[in-house]
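Participant: Before we start, here is the structure in question, set down as structure tokens.
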Amino acid sequence: MMGISFTEILVILVVVLIIFGPQKLPELARLLGKGFAEFRRVTNDLKSAIDLNNIESEYHSQKHSRSKPPEDEAESQEAVAIETPIEDVESTSDAPDNEQSDNGSVNPPGKIG
């Protein structure tokens, strides 16, 4: 912290007692305590306001990052086509990956049964 020793604090208290006197010292301590309490309250309110602002900004950024749902079927098909990865398109192509045997079961590529 500030590195004030007990002796330095004692000297400061004696100087304050000499300057303000024993009658004003309790009133001064009370005012000082109220000032610290008010400062703590204001800083806590400020921290709460900053946290609330951060939460609101995160909520709005998530809300605006989501795309609105398409209104008709043509738009939804376009959205699916745009969002479909290339791997999925290749696996759903019209070219047969598996060969069909004579009994109707599907064999893996290269295996004829």
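The values are calculated or read from the model by the stated rules, or taken from the named source; none is laboratory data. For clarity, every value in this text was computed on a predicted model and none was experimentally measured. When we count neighbours, we look across all protein chains shown, and the Cβ atoms used for this are built from the backbone with ideal geometry, even at glycine.
Participant: Kindly provide the set of residues from segment 1-40 that are surrounded by 10 or more Cβ atoms within 10 Å (Cβ to Cβ) and either touching a residue at least 24 places away in the same chain (Cβ under 8 Å) or small (Gly, Ala, Ser) (or both), ordered by number.
Facilitator: 21, 29, 33, 35, 37
Participant: Also, I was wondering about something else. Can you tell me which of (1) modelled with pLDDT under 80; (2) of a type in the set (Ser, Thr, Tyr); (3) part of a helix (DSSP H, G or I) is the one residue 93 doesn't meet?
Facilitator: Every condition holds for residue 93 apart from (3).
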